[in-house]
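> This is the structure, below, for whatever I ask next.
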Amino acid sequence: MIPALKIPHVSVLPAVILLLMVILVQFTYRKDPGVAEAKAIVLRKAAEFEKHLQLLQQTAREYHSGKVTAAAVQKQFLETRLVYKQVAFLLTYYYPEHIKEYINGAPLPHLDPYPYEEIQLPETYYQDTNYIRLAPLDYLEPNAYLKTRKVLAPRGMQVMDELIFSEALAGERDKLLTLTDELAFRSRIMLQALYKRRYIQAHELMEAARLEMVRLFTLGITGFDTPGSLHALPEAKASLAGMFYTLKPLLTALPIHEQNHLLATFSGAMQYLEVHHDFNTFDRLAFLTRYINPLYRLLLEAHQALGLVNSSALTVEEPSWNFFSQNIFAEDFLNPYYYSLLQKEQDSERLRGLGKTLFYDKRLSSSTRMSCGSCHQPALAFTDGKAKSLASVEGQVVKRNAPSLINAVYADRYFYDLRAFDLEEQLEHVVVDHLEFNTSFDALVEKLNADTAYRQSFNQAFRLEGKPITRYQFSAALASYVLSLRSFNSRFDQYVRGEREEISEQVRHGFNLFMGKAACGTCHFAPLFSGLVPPLYQENESEVLGVMEKPGSNKVDDDAGRAAGKAYQENVEIYHQSFKTVSIRNAGLTAPYFHNGAYKTLEEVLDFYDHGGAGGLGFSYEVPHQTLPPDSLHLNPAEKKAIIAFLHSLSDTTFTENTTAGQISP
């Protein structure tokens, strides 16, 4: 329990001090009363959250001693969550790492991201060596004191949501008390940091609200945030209400019709959630098109109309999220250059064309029988239709199924086992693998430098001026081509963006199942429908699904996955048989499925998930760290067909219709 940590107690902010702070805020922002009023609202909501944390602690203690029932714990927990949601949009904007680790992260064991407890700080480094224990994680320097990383048990409200609404609660009273005390303690650290902020900027509030629209849709109404209670829809309403009242003072500077339109859209969204409150029947597609995307766009327009700066303009860092995007399903929603070493100003049509030529040139492999295009064919959405691709060695196959390269750039880790950290590093693995190109960069660039046509093409792209072609230029050209393979123009995308008037009821039903009852959207996050985590899409998830050797078999696939990927300190049990969550866009074109290519049809894939993977089939002993819930989804045949219809609606043939290789013939 937290008292055993022997850390000085962070007291609740007294009401009188809070009142003085509100007065100070109003004085500080006397030239901009809208911002002052907005900050005052934020501080009041933060203090209310802190008060509810105290009540939750008290209720947990009373439950521990048998004075109240589980229903009382559930009631207080839900009330605490609702208050948190009203201010979470800004807390998550300022303190995303702290919230992920302590407040509302996924309920899964994970490696310690900040292993500070194992080191001794020199007294001169900080005036107070308790700094590392009394500041939000976002204020610390990641990797500054990196030691051996331990596997940590999850903590925070998602873990508590699972526990409090389970039958196991009666036997886990000590665990509940520990989780509650830690939640309160870690929340107070974060709230104290918020109280001490001298300024809360108008552009931060507006950006935080737009990002919350993404979070609300992808992590909120899918049930990701509420895995036990499925209290997602009331929480979504609370989140919208918090933004509505906080932003309202800022919007008074807008023309009255713009204010009214934006606030009416907020009100309409809250009313929709009030009327349509059943988790399984909620029309998420209607909510997306009528409210989420319009609010996302209207908040941008308000931001610009108010003449506010944006955070991407204030930093030299390449952003992942495109502030100027107008739709969550827009082609420019994310910035592909964030995910590559290649910079936008270095890219060009000429470089892309050179990369395309290299992509299809078999002469680059030692056997001269394999190119990148051998395993990634445009007609099959850049897969090859095989369970495992043919190797460069006669009669052998590579270790895993070839994933699609469409939208592959949107990742912070590459390969199924996440062993590569950028596109260029991924290429290196392919070049040296004895089952693939089976060569070296030295041998490869020697071939390129000996080829007159390639010398000319590289000179045009890089202005070599007599210098030899390097591995970095080769990697940049291929990265440029792979980066160009971006796809957000399916029938479903067009409908969501308002470019197509109709979509079938079966597709609509399938999407709502995917994002609701079937829980697919809690791992395949919209709009990429991959494991890149919203709202900033900067971190890849991997999952232990419990994939079988083949459908209907009694043997779990024995590929060790991420634990054998040789990434630093990831050879741990929680990553055994863990694999990258790839995008399901174009899934109708990319059979067979999973890392082993053992599942030939989408029907087999849906049956696998419906039965809860290996754990649901009775093989939990073989997969002790399965992250896929083993409980059946209870999908009927019509629901499975609807989900598959939705998956087919995500097919985009933009690239499959253009299979021209390149300009240099082998």
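> May I ask for the distance between the Cα centers of the range 588-610 and the range 180-229, given as a whole number of Å?
Cα centroid of the range 588-610 versus Cα centroid of the range 180-229: 36 Å apart.
> Sticking with this structure for a sec: Work out, in µm²/s and without decimals, the Stokes-Einstein translational diffusion coefficient of the range 150-275 at 4 °C, 1.567 mPa s, Rh from Kirkwood over C-alpha pairs.
Working: Rh = 17.1 Å.
D, rounded to a whole number, is 76 µm²/s.
> Under the Kirkwood approximation for Rh and a Cα-based Rg, what ratio Rg/Rh is obtained for the range 210-300? The partial results should precede the final answer.
On the way: Rg = 13.1 Å, Rh = 13.4 Å.
Reported Rg/Rh, Kirkwood definition of Rh: 0.98.
> Would you work out which of Gly353, Leu334, Pro624 lies farthest towards the positive end of the dipole of the chain? Charges go on Cβ: Lys and Arg +1, Asp and Glu -1.
Of the candidates, Leu334 comes out farthest on the positive side.
> Taking amide H positions as placed in the peptide plane 1.01 Å from N, state which residues far from Gly561 in sequence (5 or more) or on other chains have amide H under 5 Å from it.
Result for Gly561 returns Gln577.
> Give a quick list of trypsin sites (Lys or Arg not before Pro) in the range 439-512 that DSSP marks as loop, anything other than H, G, I, E or B, with at most 10 other Cβ atoms within 10 Å.
Working: sites: Lys447, Arg455, Arg463, Arg471, Arg486, Arg491, Arg497, Arg500, Arg508; in loops: Arg463, Arg486, Arg497, Arg500.
Filter output for the range 439-512: Arg463.
> Separate question: Quote the relative contact order of the chain in percent (integer), defining contacts as alpha-carbon pairs under 8 Å separated by 6+ residues. Let's see the in-between values first.
Values: 1065 pairs, mean separation 83.8, N = 666.
The normalised contact order for the chain reaches 13 percent.
> Also, I was wondering about something else. Work out the charge dipole of the chain with +1 on the Cβ of Lys and Arg and -1 on the Cβ of Asp and Glu about the Cα centre, then indicate which of Ala587, Gly615, Ala71 is farthest towards its positive end.
Ala71
> Moving on. Non-local amide H neighbours of Ser392 (under 5 Å, H modeled in plane, Pro and chain starts lacking H): which ones?
Amide H to amide H, under 5 Å and 5 or more residues apart or across chains, Ser392 pairs with Glu436.
> Which of the GluC sites (Glu not before Pro) found in the range 346-428 are in a DSSP loop and have at most 11 neighbouring Cβ atoms, other than their own, within 10 Å? If you can, show how the numbers build up before the last one.
Working: sites: Glu349, Glu394, Glu424, Glu425, Glu428; in loops: Glu394.
Of the GluC sites (Glu not before Pro), the ones in loops of the range 346-428 whose Cβ has at most 11 other Cβ atoms within 10 Å are Glu394.
> Once each part is reduced to its C-alpha centroid, what is the distance from the range 385-447 to the range 324-376 in angstrom?
A separation of 14 Å, based on Cα centres.
> Relative to the longest principal axis of the C-alpha atoms of the chain, give the angle of the C-alpha long axis of helix 637-649, reported between 0 and 90° and rounded to the nearest 10°.
Roughly 70 degrees between the two axes.
> So if I place +1 on the C-beta of Lys and Arg and -1 on the C-beta of Asp and Glu, and nothing else carries charge, what would the dipole magnitude of the chain be about its Cα centre? I want it in debye, nearest 20. Walk me through the numbers on the way to the answer.
Values: 65 positive and 77 negative charges, 166 e Å.
Charge dipole of the chain: 800 debye, to the nearest 20.
> Go ahead and estimate [θ] at 222 nm for the chain from helices alone: -39,500 (n - 2.57) per DSSP H run with n ≥ 4, summed, over the residue count, rounded to 500.
Calculated from helices alone, the mean residue ellipticity at 222 nm is -13000 deg cm²/dmol.
> In the range 418-559, if the dipole is taken from +1 on Lys/Arg beta carbons and -1 on Asp/Glu beta carbons about the Cα centre, which of Val496, Phe529, Tyr454 is farthest to the positive end?
Val496
> Short version: ³J(HN,Hα) in whole Hz for each residue of the range 174-180, in order, from phi by Karplus 6.51 cos²θ - 1.76 cosθ + 1.60 (θ = phi - 60°), x for Gly and Pro, what are they?
So the Karplus estimates, Gly and Pro as x, are 5, 5, 4, 5, 5, 4, 5 Hz.
> Now for a separate question. For the range 279-437, with only Lys/Arg (+1) and Asp/Glu (-1) charged at the beta-carbon, what is the dipole magnitude about the Cα centre, in debye rounded to 20?
Details: 16 positive and 20 negative charges, 115 e Å.
That gives a dipole near 560 debye.
> Next question. Quick one: Karplus J couplings for the range 412-425, per residue in order, coefficients 6.51, -1.76, 1.60, θ = phi - 60°, nearest Hz, x for Gly and Pro?
Each residue of the range 412-425 in turn: 9, 9, 10, 6, 4, 9, 6, 7, 10, 9, 7, 4, 5, 5 Hz.
> Over the range 337-483, what is the relative contact order in percent, taking alpha-carbon pairs closer than 8 angstrom and at least six residues apart?
Working: 211 pairs, mean separation 43.4, N = 147.
Computed value for the range 337-483: 30 percent relative contact order.
> Arrange the following residues from fewest to most other Cβ atoms within 10 Å of their Cβ: Ile221, Ile584.
On the way: Ile221 25, Ile584 22.
So the ranking, lowest neighbour count to highest, is Ile584, Ile221.
> Further question: Mind checking which aspartates and glutamates have their Cα closer than 13 Å to the Cα of Lys39? Skip sequence neighbours fewer than 8 apart in that chain.
Output for Lys39: Glu204.
> Each residue of the range 472-486 in order: what ³J(HN,Hα) in whole Hz does its phi give by Karplus 6.51 cos²θ - 1.76 cosθ + 1.60, θ = phi - 60°, with x for Gly and Pro?
Result, ordered by residue: 6, 5, 4, 5, 5, 5, 5, 4, 4, 5, 4, 4, 6, 7, 10 Hz.
> Going highest first, how would you order 359-371, 511-523, 96-108 by mean Cβ packing within 10 Å? It would help to have the intermediate numbers written out before the result.
On the way: 359-371: 18.2, 511-523: 22.0, 96-108: 20.0.
Result, highest mean Cβ count within 10 Å first: 511-523, 96-108, 359-371.
> If you don't mind, there's one more thing I want to ask. Reachable aspartates and glutamates from Lys640, Cα under 20 Å, same-chain residues fewer than 8 places away excluded?
Output for Lys640: Asp283, Glu505, Glu603, Glu604, Asp607, Asp610, Asp631.
> Okay, next question. Please compare each pair in Lys175/Lys196; Lys100/Lys344; Lys555/Lys600; Lys399/Lys555; Lys388/Lys550 to a cut-off of 21 Å on the Cα-Cα distance and tell me which ones are over it.
Values: Lys175/Lys196 32 Å; Lys100/Lys344 31 Å; Lys555/Lys600 17 Å; Lys399/Lys555 18 Å; Lys388/Lys550 13 Å.
Flagged as over cut-off: Lys175/Lys196; Lys100/Lys344.
> In addition: Near the amide H of Leu532, under 5 Å away, which other amide H atoms are found, from residues 5 or more places off or on another chain, if H is placed in the peptide plane?
The list, which skips near neighbours in sequence, is Phe525, Glu541.
Each reported figure results from applying straightforward, stated rules to the coordinates on display, with no laboratory input. Please read all numbers here as calculations on a predicted model, not as lab measurements. Heads up, the Cβs are rebuilt from the backbone with ideal geometry, glycines too, and the neighbour counts pull from every protein chain shown.
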